[in-house]
There are 4 protein chains.
Amino acid sequence: MDLNCDMGESYGRFQVGADAELWPYVTSANLACGFHGGCPLTIQASVDAALAHGVSVGAHPGYPDLMGFGRREMTMSDAEMYTSMVYQISALRGFLAIKGGVLHHVKLHGALYHRASVDRSVARAVVAAIRDVDPTLCVYTLPESVLAEVAQEAQLAVWREGFADRRYAADGRLLPRTHPKALLQTVAEVEEQVRGLMHEGRVIGEDGRPISMVVDTICLHGDGPNAIAFARAAKAVLDAQRR
Amino acid sequence: MDLNCDMGESYGRFQVGADAELWPYVTSANLACGFHGGCPLTIQASVDAALAHGVSVGAHPGYPDLMGFGRREMTMSDAEMYTSMVYQISALRGFLAIKGGVLHHVKLHGALYHRASVDRSVARAVVAAIRDVDPTLCVYTLPESVLAEVAQEAQLAVWREGFADRRYAADGRLLPRTHPKALLQTVAEVEEQVRGLMHEGRVIGEDGRPISMVVDTICLHGDGPNAIAFARAAKAVLDAQRR
Amino acid sequence: MDLNCDMGESYGRFQVGADAELWPYVTSANLACGFHGGCPLTIQASVDAALAHGVSVGAHPGYPDLMGFGRREMTMSDAEMYTSMVYQISALRGFLAIKGGVLHHVKLHGALYHRASVDRSVARAVVAAIRDVDPTLCVYTLPESVLAEVAQEAQLAVWREGFADRRYAADGRLLPRTHPKALLQTVAEVEEQVRGLMHEGRVIGEDGRPISMVVDTICLHGDGPNAIAFARAAKAVLDAQRR
Amino acid sequence: MDLNCDMGESYGRFQVGADAELWPYVTSANLACGFHGGCPLTIQASVDAALAHGVSVGAHPGYPDLMGFGRREMTMSDAEMYTSMVYQISALRGFLAIKGGVLHHVKLHGALYHRASVDRSVARAVVAAIRDVDPTLCVYTLPESVLAEVAQEAQLAVWREGFADRRYAADGRLLPRTHPKALLQTVAEVEEQVRGLMHEGRVIGEDGRPISMVVDTICLHGDGPNAIAFARAAKAVLDAQRR
């Protein structure tokens with residue numbers, strides 16, 4: 001089981017996330033590519049750190065909206081979306097190639113992550129870009145999302161993603177960030193959720209009942225107040241499994 | 001002899017240059033990479049057009065300054081410069097690779113072009129980036145510039161560049177753009193300058209005396225009022241040579 | 001009757017619109033404020049030109065999206081929208097105040113123009129900003145739009161806007177730009193539409209039947225191939241009325 | 001004696017500085033205006049906080065360089081500089097006016113602060129903008145700088161600025177940030193420097209000898225590891241003086 005985290009989102013002197021402390025706990029990193037965060041200096045430093053920690057590198061492209069950190073929905077044409085993906089993924093890939101690394105996956109950022117999971121037109125533009133840049137890239141996305149479907153049709157590998165610290169509604173969807181119970185609060189809750197995802201293919205929904213949730217990778221968040229404690233807990237469950 | 005032109009500098013709906021009309025007259029194109037101009041849509045359209053016209057594609061990276069169109073000097077650290085080059089060149093290269101094209105060269109843009117021709121520290125950061133991305137890339141730069149020297153030390157191919165429509169001072173340097181006589185005015189002047197560069201390895205300086213000027217590529221400008229007429233004239237000299 | 005035009009949308013060396021030629025034909029100008037277009041240099045030049053031509057100045061704020069020229073829908077929170085409006089309008093107003101000018105109106109740009117005409121939440125944030133900056137500003141918007149309603153509730157003056165060169169559907173809405181007949185093609189058509197708006201309070205819809213359309217200002221566009229000819233025609237109708 | 005601090009430099013979700021904790025310790029705040037930091041949301045929140053704490057508000061304009069946080073030198077024309085200042089100061093002033101506040105001063109940011117203190121052409125463009133926006137604004141700058149001189153010639157009030165936590169060279173200039181001893185390290189050092197600036201009109205230079213340094217305002221920095229402890233110390237010296 002893969003533990004992924006969005007990283008490399010700082011921009012110049014603007015810092016985001018506790019990247020330095022998180023590297024030991026993740027097995028793959030989704031690196032911002034310059035549009036919602038991630039300047040060239042940050043990209044290079046993040047690629048170097050990932051390789052030093054033996055962490056798989058993915059591209060984490062987003063909407064071209066630094067002020068909104070890619071969390072604001074934007075309406076882009078298919079051609080704008082396709083070319084924005086090619087641009088971002090290629091830029092990141094260039095840094096990796098210099099160090100002899102190989103890009104492993106693509107995970108969309110923020111509002112675009114959610115849009116592509118329900119909007120077939122956006123999903124198609126994104127998938128076309130990924131496939132054209134490198135058809136061996138795999139796509140991280142929600143299980144049973146439109147993006148998963150479109151990626152599979154294009155013969156791309158899909159890694160279904162679960163969340164270590166987000167609460168699921170009874171229907172298997174994530175509670176929206178605005179929901180008061182959207183985020184798990186304690187290490188125990190995170191441990192239980194990771195254990196469920198890892199061993200049993202299910203999570204406990206908001207109503208207390210189990211929901212089937214078979215995933216290939218689990219997402220940690222690097223920016224909450226408990227980010228490091230939660231990452232450590234998730235990693236401990238993962239390591240226990242391996243022993 | 002190569003005829004190059006800066007192209008693909010439009011950004012979204014902001015149009016720059018008469019690209020559509022210029023393609024038939026150039027043999028290589030320096031494509032903006034998104035920092036001083038050149039959005040993803042424009043990059044893709046420019047790569048497609050270059051390939052359709054059999055024109056060699058170069059990267060044309062610049063300072064991160066859209067408002068100043070890369071024509072304002074900026075002080076960047078070596079690491080900022082290196083990573084900014086890797087980012088821009090890699091992004092462009094991604095589009096080219098999808099279409100089966102191969103990046104041919106790098107020509108710096110605007111204020112950075114001039115800075116790297118005299119500043120060894122900047123030249124070294126730029127050359128390191130080019131070499132790390134692809135050591136077969138060649139570098140377009142002024143003859144006898146610091147950048148030429150540093151590039152040669154790094155075993156990069158250097159193409160010395162002359163200008164079809166800029167007037168040279170008696171010492172062989174370009175008259176600055178602010179000089180009233182900086183730009184040639186007539187097709188006849190352009191023809192004579194191109195012929196001198198192509199056949200005789202010299203130009204006529206501002207004082208009317210010949211200056212030795214051995215170059216490998218001649219730059220056209222795509223944005224003046226006579227851009228097309230000058231391009232046609234330069235191409236005619238080139239074609240006459242070939243016959 | 002007022003003839004307005006979106007102007008001052010150039011950004012650095014990126015030119016948009018035939019501003020220089022249009023000033024004689026308009027009675028009010030909507031000046032871009034830096035987010036979708038309009039850099040500080042352009043704002044100052046446009047303010048100067050407007051005052052020199054005796055043209056009323058309005059703010060033309062848009063989404064923070066230079067690459068998309070403010071024509072891409074973006075989801076912003078009410079607070080983001082309110083503060084983005086205060087920022088843009090205040091910046092423009094500063095230039096005007098230096099020259100002793102007074103800001104006359106606000107007209108939203110591009111995708112935001114359309115969004116605020118149907119989205120009450122966005123309209124409220126925009127209106128709150130306009131009223132807080134200066135309650136004597138008037139708002140240019142579509143007749144019977146949500147923005148018109150919300151502005152009137154806030155005691156702001158509303159100028160209903162018609163279009164000189166856009167075709168109206170049978171229901172009184174503009175045909176979308178993507179519609180093949182969206183734009184009028186000939187000077188005669190523009191003259192007839194302006195005459196109808198000015199004298200009869202009606203336009204001819206796509207189906208050939210008249211639609212009631214009572215407006216206070218008529219919008220010209222500065223960027224089409226016939227922009228100047230259409231502007232001249234509209235101005236001629238206006239001048240004939242005055243005689 | 002005034003205690004000032006650069007604040008409101010966060011941009012969207014990118015946080016900079018410990019603003020929330022610093023408000024109680026400062027008497028004036030220099031608020032970023034959107035070019036090197038400071039988005040509209042941040043500006044509004046900072047204006048509100050300043051007014052709530054009874055803190056004087058100044059504009060803190062910088063180079064248009066978000067990625068470099070305004071710390072990279074840029075060459076701008078006088079007209080670009082003048083209009084960039086008008087734009088930024090006016091935008092900030094709009095927020096303040098809505099809340100009934102009055103802009104108190106202008107302090108330049110980062111590389112521009114240093115450039116204007118030695119470059120007469122830049123200083124003139126900046127001063128012209130400040131005077132044109134509001135001739136009652138005062139200018140914070142280094143004692144005996146070119147900016148101080150040019151501002152005084154234009155009849156602007158000048159507040160000479162000292163630094164609580166930066167070490168001075170023997171010639172009275174600040175040690176550059178790259179110098180190992182550039183920053184004071186302990187609360188005791190900061191207390192002594194503030195006491196010297198406040199009561200004796202002198203600081204102790206790097207060589208241990210006193211240097212005359214008569215100032216009107218003392219700058220705290222909000223982003224170092226000891227920012228709050230240093231601010232508390234400086235405020236304590238100030239409060240002791242007042243008793």
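The values are calculated or read from the model by the stated rules, or taken from the named source; none is laboratory data. Quick caveat: nothing in here was measured; it's all calculated off a predicted structure. Note: ideal-geometry Cβ built from the backbone for every residue, glycine included; neighbour counts use all protein chains shown. Each accessible area value is taken on the protein alone, full model and side chains, heavy atoms only, with ligands, DNA and RNA left out. Shrake-Rupley method; radii C 1.70, N 1.55, O 1.52, S 1.80 Å.
Label position 7 Å from Cα toward Cβ: report the copy-to-copy distances for residue B:201 in nm, one decimal, ordered from shortest.
7.0, 7.5, 8.3
Which shape class, rounded, prolate or oblate, goes with the stretch A:177-240 when its Cα gyration tensor gives a ≥ b ≥ c as root eigenvalues, a/c under 1.5 marks rounded, and past that a/b bigger than b/c marks prolate? Present the calculation step by step, with values, prior to reporting the outcome.
Working: a/c = 1.78, a/b = 1.05, b/c = 1.69.
Oblate shape, in that a/c is at least 1.5 and b/c is the bigger or equal ratio.
Roughly how many Å² is the accessible area per residue of chain A, as a whole number, for a 1.4 Å probe? Walk me through the numbers before you get to the answer.
Working: 9030 Å² over 243 residues.
Value for chain A: 37 Å² per residue.
Would you mind classifying the stretch C:34-102 by shape? Square roots of the alpha carbon gyration tensor eigenvalues, ordered a ≥ b ≥ c; an a/c under 1.5 is rounded, otherwise it is prolate if a/b is larger than b/c and oblate if not. Walk me through the numbers on the way to the answer.
Values: a/c = 2.75, a/b = 1.83, b/c = 1.50.
Judged from the Cα gyration tensor, the stretch C:34-102 comes out prolate (a/c at least 1.5, a/b above b/c).
Closest beta-carbon to the C-to-D rotation axis: which chain C residue owns it, and what is the separation in whole Å?
Per the C/D rotation axis, the closest residue of C reads C:91, 2.
State the volume of the convex hull built on the alpha-carbon positions of the stretch B:69-114, expressed per residue in Å³ and rounded to an integer. Can you show the working numbers first?
Details: hull volume 3.6 nm³, N = 46.
Spelled out: Cα convex hull of the stretch B:69-114, divided by residues, is 79 Å³.
Can you list residues from other chains, or at least 5 along the same chain, whose modelled amide H is less than 5 Å from the amide H of residue D:15?
Placed amide hydrogens put A:15 under 5 Å from residue D:15.
Quick query: amide H of residue D:168 versus all other amide H atoms, modeled in the peptide plane; which residues come in under 5 Å with a sequence gap of 5 or more or a different chain?
Amide H neighbours of residue D:168, under 5 Å, 5+ apart: D:175, D:206.
Once the label point is placed 7 Å from Cα along Cβ, list for residue A:176 the distances to the corresponding points in the other copies, in nm, shortest first.
Result for residue A:176, in nm, nearest copy first: 2.4, 5.2, 5.7.
Determine the share of the stretch D:105-243's accessible area contributed by carbon and sulfur atoms, expressed in whole percent, with a 1.4 angstrom probe. Intermediate results must be reported in sequence, preceding the final value.
Numbers: 3100 of 6230 Å².
Reported share for carbon and sulfur atoms: 50 percent.
Select from chain B the helices, each a whole stretch of DSSP H, whose alpha-carbon atoms run 24 Å or more along the helix axis and whose Kyte-Doolittle mean is at least 1.0; answer none if there are none. Provide the component values of the computation, followed by the final result.
Details: long enough: B:78-98 (30 Å, 0.60).
Helices meeting the span and hydropathy rule in chain B: none at all.
Which value at 222 nm does the protein assembly as shown reach when only helices count, each DSSP H run of 4 or more adding -39,500 (n - 2.57), with the total divided by all residues and rounded to the nearest 500 deg cm²/dmol?
Working: 32 runs with 372 residues, N = 972.
Helix-only estimate at 222 nm: -12000 deg cm²/dmol.
To one decimal in nm, how far is residue A:239 from the same spot in the other copies, if labels go 7 Å from Cα toward Cβ? Please give the shortest first.
Shortest to longest, the spacings are 4.6, 7.2, 8.4 nm.
Over both sides of the A-B contact, add up the buried accessible area with a 1.4 Å probe and give it to the nearest 100 Å².
Details: alone 11000 and 10990 Å², together 20290 Å².
Result for this pair: about 1700 Å² buried.
Less than 16 Å from a label point 7 Å out along the Cα-to-Cβ axis of residue D:187: which backbone N atoms in the stretch D:156-180 qualify, by residue?
D:165, by backbone N distance to the label point.
Expressed in nm², what is the orientationally averaged projection area of the convex hull enclosing the Cα positions of the stretch D:2-242?
On the way: hull surface 48.2 nm².
Averaged projected hull area, Cα only: 12.0 nm².
Output the Kirkwood hydrodynamic radius of the protein assembly as shown, Cα pairs only, in Å rounded to one decimal.
On the way: mean 1/r = 0.0328 Å⁻¹.
It is 30.5 Å.
Would you jot down the residues in the stretch A:9-31 that end up with at least 10 Å² less accessible area in the complete protein assembly than in the chain alone, with a 1.4 Å probe?
Hits at the 10 Å² cut-off: A:11, A:12, A:13, A:14, A:15, A:16.
For residue C:95, what accessible area in Å² do you get when you roll a 1.4 Å probe over the heavy atoms of the protein chains, rounding to the nearest 10?
Its accessible surface works out to 10 Å², give or take rounding.
Just to confirm my numbers, what's the Cα centroid distance between the stretch C:67-143 and the stretch A:170-203 in Å?
That distance is 41 Å.
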